[in-house]
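The next block holds one structure in the form of structure tokens; read it before the comments.
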Amino acid sequence: MEAKQDFCVNAIVFQTINELVKNDTPPSLNDIEIKAEEAFNFLLTTFPNIFTEEHKTKVINKIIAMLKKEFVVVVFGETVGSISNEIKYEKISSEEIAEASYYWEKYKTYKLRTRTPSFITAQSRDVDRILKMMPSPIKNVSFQSFGMVIGDVQAGKTGNYSVLINKAADIGYKLIIVLTGMTENLRSQTQKRLDEDFVGATSEAGKQSRMFVGVGTVGPHEPSRVPTCITDQSNDFKKRSVANFILESQNSPVVIVTKKNSSILSNILNFLSGQTHGEKIQDTIRVPTLIIDDESDNASVDTAKEDEDPKAINKKIRLLVNMCNQVSYVAYTATPYANIFIDPDLEKQDSESGVTLVDLYPKDFIVALKAPSNYCGGDFFYSDDPDIKYADKVKVLIEDAGEENAFPLKHTKKDIPTILPKSLKKAIFEFFLAIAIKSIRRKKGRIPLYDKHDSMLINVSRFTDYQNETHKLIDDFVQSSVLNKLYTNPEDESESSIWQQLKLTYLEHYQVVIEDKVSWKNIKQELVSLIQENPNFVEIVAIHSQSKDELLYGSEPKRYIAIGGFKLSRGLTLEGLTISYFYRKSIMYDTLMQMARWFGYRDGFKDLVRLYTTKECASWYDHINKATIELKEYLVVMERQKKEPSEFGIKVRSTEEAL
């Protein structure tokens, strides 16, 4: 009898879930309770021999529990009226955006050198959506705004907030603080990007540089509009850079690009406290401030218990917001799950200063960006939809990595790999073929001029020693078994030769897929030419916290095989990434998505892209991709209804947290 009951309950729950998913609004706890009672009444009427009134409480509770597992239900209390209609502050108007366009016009002119007008127009449209939800620094004497922008991994979030900074500076925001990830590499990379996209010169902490780059090459900024950087590509925030610096006396924007580091954030707070009109930390600076929190799901969220002080970095960011009289905090992330489940009503008192700190929940707005049509994301890599070109070819399932104990999924930091699986060797062969084909296409103008680099990603462990040993194995294989033999025996196509192995890989994997029917003869000629020009034209690098290796993409073409783990998972971009080999086990929702460095734009070589992974991992990515799509679609509906996040609960497709 119990088995029959379970079967019927499972069936009715499945039906109920399908009904709830179709709704534009999320199910509240009350909705779920009502649906559970309706489901039981249906079972009672339909199966009177299986269910009786005596089963009611037990079955309803079971249905509620099953539904709550499927939908993470956040109850924010009842919504009365539309908070968005209340005048908390005057928002930026279309007129303000149109009238103030100095920095934006320079950015647009610079980017049109390498980007299409439609791309620039789409960027502008997306940023205007964000601006129109932010407070006007001209019309409001005081304000505090919290928002969030959800993009896709490797889809151009940095480009989006570069545009936001340019347009916000035009409208009157004077202090720009960008909180990057937790590594100096990422901070420096972000500073370099903003030097090009906004500052117009190579930044020098505390000075106005004249080494023009990026927008500066369009024409130097007017003297009164040259942004001042307190940080630069080599230096995070330092006290000596702001000695005698008076923030309010600056006519042009002031830029700080800093890591999420507790001690550095403390130094920034001390600097700003010296800029206030009083001696207490409660006093505020009177400069319109824009805080961009990049990778906001990383380190920014408070993980302390309710009765504890906020965690250090979260606390410092909250203090930073609290210190500003006019401030807009905008969080950027591709994995928003931690952020949207911050308690919107939670306030904590800082035990040191006595200040009550509002948490970073994006109560004023959440904007879900839609990736352009040429973006290669979850659908491209995990779907088998025949309508998505190449989607059925891009994924290659790894089935041999566990053989001979090559890359066991479960290993400790004491374990080391001793051999490379055949699938990885084949992936490396494909990378060499892709390099040659892309080189041919670049000469024909089929790949954009700015896309001059080629990369391969290998992620098989989170342990640095394991990554180092993998690096040694791959370096030995590439240098001794591939490059050396290609260089010394260009005419050898005997059965066991490296040239024959490359040819067979081409015939089996690429010939039937690639758009241009480039011949093996042309591919070989191109590889020979590249190798003769530089016998070591592919560099093998280990990217982790203890390695001195770096990904240095410059004006000259670079070709990297990058082995790494966590450090490759946040913010770092592998230019021209074509082949990815991902063989990992224990991953959380957000970490799994951040590791998807293979997402991005692959104009001119989509047909060459390959992702080697496990069947289990691919299914998890597919599930997370669908969950993220559902969340973003729901948020767009709320945006169209002009509802603020504090007005509605957020539903997220639920599952177990780890593989």
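Observations, loosely collected:
- Of 465, 475, all but one fail to be in contact with a strand residue (DSSP E or B) (Cβ under 9 Å, 6 or more places away or on another chain), acidic (Asp, Glu) and open to solvent by 10 Å² or more (accessible area, probe 1.4 Å); the exception is 475.
- Every residue from region 371-389 that is of a type in the set (Ser, Thr, Tyr) and either at pLDDT 80 or above or surrounded by fewer than 17 Cβ atoms within 10 Å (Cβ to Cβ) (or both): 373, 375, 382
- One residue stands out in region 319-370 among those that are modelled with pLDDT of 85 or more and farther than 24 Å from residue 181 by Cα: the one that is least open to solvent (accessible area, probe 1.4 Å), namely 326.
- Candidate set: region 282-298, residues that are over 14 Å from the mean Cα position of the chain (by Cα) and not β-branched (Val, Ile, Thr); chosen: the one most open to solvent (accessible area, probe 1.4 Å): 286
- Just one of the listed residues (249, 209, 263) is small (Gly, Ala, Ser) and at pLDDT 90 or above, and it is 263.
- Listed conditions (1) part of a loop (DSSP other than H, G, I, E, B); (2) at negative phi; (3) at pLDDT below 95 are all met by residue 173, apart from (3).
- Scope region 176-205; condition assigned to a helix (DSSP H, G or I), among the aliphatic types (A, V, I, L, M) and under 26 Å from residue 301 (Cα atoms); matching residues: 186, 194
- Test: residue in region 492-502 that is β-branched (Val, Ile, Thr) and more than 20 Å from residue 579 (Cα to Cα): no
- Residue in region 516-528 that is more than 21 Å from residue 442 (Cβ to Cβ) and buried (at least 19 other Cβ atoms within 10 Å of the Cβ) present: no
- Residue list for region 390-402, filter: surrounded by 13 or more Cβ atoms within 10 Å (Cβ to Cβ) and either among the acidic types (Asp, Glu) or at pLDDT below 85 (or both): 390, 391, 393, 400, 402
- The set of residues in region 170-183 that are open to solvent by 10 Å² or more (accessible area, probe 1.4 Å) and within 24 Å of residue 267 (Cβ to Cβ) comprises 174, 182, 183.
- Filtered by the rule that a residue be under 17 Å from residue 554 (Cβ atoms) and open to solvent by less than 20 Å² (accessible area, probe 1.4 Å), region 432-456 gives 453, 454, 455.
- Of note, residue 192 does not satisfy the criterion of being touching a Pro at 6+ places or on another chain (Cβ under 6 Å) and of a type in the set (D, E, K, R).
- Number of positions in region 184-209 that are without any contact (Cβ under 8 Å) to a residue 60 or more places away in the chain and surrounded by 22 or more Cβ atoms within 10 Å (Cβ to Cβ): 4
- Where helices (runs of 4 or more DSSP H) fall wholly inside region 473-549, the ranges with 1 or more residues that are in contact (Cβ under 8 Å) with a residue 24 or more places away in the chain and of a type in the set (Asp, Glu) are 520-533.
- Qualifying position, being surrounded by fewer than 23 Cβ atoms within 10 Å (Cβ to Cβ), farther than 25 Å from residue 266 by Cα and out of contact with any Gly (no Cβ under 8 Å at 6 or more places or on another chain), among 212, 119, 143: 119
- Residue satisfying all of: in region 577-596; out of contact with any Phe, Trp or Tyr (no Cβ under 8 Å at 6 or more places or on another chain) and not in a helix (DSSP H, G or I); modelled with the lowest pLDDT among these: 586
- Residues in region 532-551 that are of a type in the set (A, V, I, L, M), out of contact with any Gly (no Cβ under 9 Å at 6 or more places or on another chain) and either at pLDDT 90 or above or open to solvent by 50 Å² or more (accessible area, probe 1.4 Å) (or both): 538, 540.
One line per residue, one yes/no per condition, for (1) modelled with pLDDT of 85 or more; (2) out of contact with any helix residue (DSSP H, G or I) (no Cβ under 8 Å at 6 or more places or on another chain):
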position	(1), (2)
1	no, yes
18	no, yes
23	no, yes
31	no, no
52	yes, no
70	no, no
88	no, yes
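The values are calculated or read from the model by the stated rules, or taken from the named source; none is laboratory data. On a predicted model such as this, the values are computed, not experimentally measured, just so you know. For neighbour counting, all protein chains shown are included, and Cβ atoms are generated from backbone atoms with ideal geometry for every residue, glycine included. Side chains included, ligands, DNA and RNA excluded: accessible areas come from the protein's heavy atoms. Shrake-Rupley method; radii C 1.70, N 1.55, O 1.52, S 1.80 Å.
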